[in-house]
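Below is a structure I'd like to ask you about.
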Amino acid sequence: MIQPSPIQPGSKIRIVSPAGKISDQYVLPAAEWLQDQGYQVELGRHVFSSYYQFAGTDAQRYQDLQEAMSDPDCDVILCSRGGYGTVRIIDRLDFTGFLESPKWLVGFSDITILHSCLNNYGVPTIHGVMPRYFMDESGQPGENLQSLMQLITGNGAHYSIPSQEANRKAKIKAELVGGNLSIISSLQGTSYDLDTDGKILFLEDIDEFLYHTDRMIHQLKLSGKLDKLAGLILGDFTDMKDNESPFGKTVQEIICDAVEDFSYPVCFGFPAGHDKRNLALMFGKEWELNVGDETTTLNHSI
């Protein structure tokens, strides 16, 4: 395991935009807050660039991400947003400098491809809130940001949520991996494919048709990705869509059908993904999942 060091005041955070374009109004307040906490913050040269739906051309987005990955003084690479586009530059990246000077990679959604790639290298990453949602509705540092800072400053995470009826009970300890279902599905057959054997798999998604979700889950099942899991955690499936002719199953029912032949624990409704609560998860490290009758806990100790 190649472990990035916990950050502290003075640590350097580089903000980059490897996928969708974003306005400065959604990034600069977060950058200012980080600076107020004593961190050095450096924005990528093209972080606010625009090329159709992307944050600059492929070359510009690659340049910013590569510079951050190769910077020996950088401690955190914070992605400004997801969207789409990281897959267009992933094969150009040189990970040599990153592996020599590992740093925390933070983001979710489209950033799942970087999680998968780095976890395959043995580097833990953070599935967590990005700058636009650092602050809560009152303008104060929110629960999502607090959970992110807990992990990258070297503290553990201890989450407790109400259990749902469809959960499958058990207590296990294993490495956590995963991210956005659509991205994970698209990586199959590539060198960035996710290794799920013996691990806890976390999945979330947004704005997908129910039949698309069913197809992707069955793709994972047919490829063996669900066979040897230690456990399964389902996050937010936000703004899901149905056809004029209804598909006939909810996301929960789709998942239950796909894993009915397996005996590992399953947790529904974990607050991470594209909803207001997006608690930080460290991928590539061991967590303890305890799915109980009334309460489900997920704990990680540094």
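Here's the yes/no breakdown for (1) modelled with pLDDT under 95; (2) part of a loop (DSSP other than H, G, I, E, B); (3) crowded, with 18+ Cβ neighbours inside 10 Å; (4) not assigned by TED's automatic domain parsing to the domain that holds His212:
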{"position": "Leu229", "(1), (2), (3), (4)": "no, yes, yes, no"}
{"position": "Glu253", "(1), (2), (3), (4)": "no, no, no, no"}
{"position": "Cys256", "(1), (2), (3), (4)": "no, no, no, no"}
{"position": "Tyr264", "(1), (2), (3), (4)": "no, yes, yes, no"}
{"position": "Gly269", "(1), (2), (3), (4)": "no, yes, no, no"}
{"position": "Ala272", "(1), (2), (3), (4)": "no, yes, yes, no"}
{"position": "Leu279", "(1), (2), (3), (4)": "no, yes, yes, no"}
{"position": "Met282", "(1), (2), (3), (4)": "no, no, yes, no"}
{"position": "Thr296", "(1), (2), (3), (4)": "no, no, yes, no"}
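Give Ile113, Ile126, Ile90, Ile161 a once-over and let me know the one that is aliphatic (A, V, I, L, M) and over 24 Å from Asp64 (Cβ atoms). Full working, then the answer.
Details: Ile113 fails: over 24 Å from Asp64 (Cβ atoms); Ile126 fails: over 24 Å from Asp64 (Cβ atoms); Ile90 fails: over 24 Å from Asp64 (Cβ atoms).
Result: Ile161 is the single residue among Ile113, Ile126, Ile90, Ile161 that is aliphatic (A, V, I, L, M) and over 24 Å from Asp64 (Cβ atoms).
Quick check on region 49-85: of everything there that is of a type in the set (Val, Ile, Thr) and either under 23 Å from Val129 (Cα atoms) or in contact (Cβ under 8 Å) with a residue 60 or more places away in the chain (or both), which residue is surrounded by the fewest Cβ atoms within 10 Å (Cβ to Cβ)? Working first, answer last.
Pass one, region 49-85, residues of a type in the set (Val, Ile, Thr): 57, 76-77.
Imposing the further condition that a residue be either under 23 Å from Val129 (Cα atoms) or in contact (Cβ under 8 Å) with a residue 60 or more places away in the chain (or both) reduces the set to 76-77.
Numbers: Val76: 22, Ile77: 27.
Checked region 49-85; the qualifying residue surrounded by the fewest Cβ atoms within 10 Å (Cβ to Cβ) is Val76.
From the list Ile7, Ile2, Ile90, which one is at pLDDT below 95 and either touching a His at 6+ places or on another chain (Cβ under 6 Å) or not assigned by TED's automatic domain parsing to the domain that holds Asp207 (or both)?
Matching residue, one of Ile7, Ile2, Ile90: Ile2.
Sticking with this structure for a sec: Can you name the residue in region 284-294 that is under 16 Å from the mean Cα position of the chain (by Cα) and not basic (Lys, Arg) and, of all such residues, is surrounded by the most Cβ atoms within 10 Å (Cβ to Cβ)?
Of the residues in region 284-294, the ones under 16 Å from the mean Cα position of the chain (by Cα) are 284-287.
Imposing the further condition that a residue be not basic (Lys, Arg) reduces the set to 284, 286-287.
Values: Gly284: 22, Glu286: 15, Trp287: 26.
If we take residues in region 284-294 being under 16 Å from the mean Cα position of the chain (by Cα) and not basic (Lys, Arg), then Trp287 is surrounded by the most Cβ atoms within 10 Å (Cβ to Cβ).
Oh, and also: Would you check which residues across region 284-294 are of a type in the set (D, E, K, R), under 21 Å from Met149 (Cβ atoms) and either outside any strand (DSSP E or B) or free of Cβ contacts under 8 Å to residues at least 24 places away in the same chain (or both) and list them?
Lys285
Given the criterion surrounded by 23 or more Cβ atoms within 10 Å (Cβ to Cβ), at pLDDT 95 or above and aliphatic (A, V, I, L, M), identify the matching residue among Ile183, Ile217.
Ile183
Of all residues in region 86-116, how many are over 15 Å from the mean Cα position of the chain (by Cα), of a type outside the set (A, V, I, L, M, F, W, C) and crowded, with 24+ Cβ neighbours inside 10 Å?
Total meeting the criteria: 1.
Also, I was wondering about something else. Kindly check whether there is at least one residue in region 151-166 that is of a type in the set (D, E, K, R), on the phi < 0 side of the Ramachandran plot and surrounded by 15 or more Cβ atoms within 10 Å (Cβ to Cβ). Outline the logic, then answer.
From region 151-166, those of a type in the set (D, E, K, R) are 165; that's our starting set.
Those left that are additionally on the phi < 0 side of the Ramachandran plot: 165.
Still in the list and also surrounded by 15 or more Cβ atoms within 10 Å (Cβ to Cβ): none.
No, that holds for no residue.
Any residue at all in region 47-62 that is part of a strand (DSSP E or B) and within 23 Å of Tyr192 (Cα to Cα)?
Our first condition is that a residue be part of a strand (DSSP E or B); within region 47-62, this holds for 51, 54.
Right, trim to within 23 Å of Tyr192 (Cα to Cα) and you get 54.
Taking every residue of region 47-62 in turn, at least one turns out to be part of a strand (DSSP E or B) and within 23 Å of Tyr192 (Cα to Cα).
Within region 2-15, can one find any residue that is part of a helix (DSSP H, G or I) and either in contact with a Pro (Cβ under 7 Å, 6 or more places away or on another chain) or on the phi < 0 side of the Ramachandran plot (or both)? Walk me through how you get there before you give the answer.
Our first condition is that a residue be part of a helix (DSSP H, G or I); within region 2-15, this holds for none.
Checked region 2-15: no residue is part of a helix (DSSP H, G or I) and either in contact with a Pro (Cβ under 7 Å, 6 or more places away or on another chain) or on the phi < 0 side of the Ramachandran plot (or both).
Ok, one more. So Gly198 passes all but one of these: (1) touching a His at 6+ places or on another chain (Cβ under 6 Å); (2) on the phi > 0 side of the Ramachandran plot. Which condition number does it fail?
Against the list (1) touching a His at 6+ places or on another chain (Cβ under 6 Å); (2) on the phi > 0 side of the Ramachandran plot, Gly198 comes up short only on (1).
The values are calculated or read from the model by the stated rules, or taken from the named source; none is laboratory data. Worth saying up front: this structure is predicted, and the values here are computed from it rather than measured. Quick reminder, even Gly has a Cβ in these numbers, built from the backbone with ideal geometry, and neighbours come from all protein chains shown.
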